[in-house]
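First the structure, in the form of structure tokens, and then the observations on it.
Only the coordinates and a few stated rules stand behind these numbers; no lab work does. Since this is a predicted model, take the numbers as computed values, not measurements. Counting neighbours? That spans all protein chains shown, and the Cβs are built from the backbone with ideal geometry, glycine included.
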Amino acid sequence: QMQLVESGGGLVQAGGSLSLSCRASGITGLAFSFKALAWYRQSPGKQRELVASITKTDSRDYSDPVKGRFTISRDNVKKTIYLQMIDLKPEDTAVYYCSVGGISGVGYVPGSWGQGTQVTVSS
């Protein structure tokens, strides 16, 4: 049973930076290295949306609102997913979820989810 544990959420002012981490357990490093990884976010009035994804070959994709500001990365030895966020905006406020899954013909497909961590950006 895979477990994903997030850290790094919190309160930051607009224009600031924040880094999120998500450590996986219950999976080998080898298996982790073959997974696609992603970060999602969800605000109270919105659907959960895909923010960023990274494939087993380190190909990255970002949603338009965060492109140029967010960076997703992975460490297969530490079995950790990272999301580096800069120039944060109030509209980035959401619960952020990490995910381990795969890639289909239409893009990232989630498998497991983290518990979510709150990111609040004040104006």
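Given 20 °C and 1.002 mPa s, compute D for the chain with the Stokes-Einstein relation, Rh being the Kirkwood radius over Cα pairs; round to the nearest whole µm²/s. The diffusion coefficient I find is 150 µm²/s. Between Ser59 and Gln1, the contour length at 0.36 nm per residue exceeds the alpha carbon distance by 18.2 nm. Each Lys or Arg adds one and each Asp or Glu subtracts one; over the other residues with Cβ under 10 Å from the Cβ of Ile81, this totals +3. At a threshold of 8 angstrom on Cα-Cα distance, excluding pairs fewer than six apart, so keeping six or more, what relative contact order does the chain reach in percent? After rounding, I find 35 percent.
As an exercise, use a Förster radius of 35 Å and the Cβ-Cβ distance of Ser73 and Gln42 to find the FRET efficiency, rounded to the nearest 0.05. Working shown, then result.
Numbers: r = 22 Å, r/R0 = 0.62.
Once rounded, the FRET efficiency stands at 0.95.
Entry note, the chain: the mean residue ellipticity at 222 nm calculated from DSSP H runs of n ≥ 4, each adding -39500 (n - 2.57), is -1000 deg cm²/dmol after division by the residues and rounding to the nearest 500.
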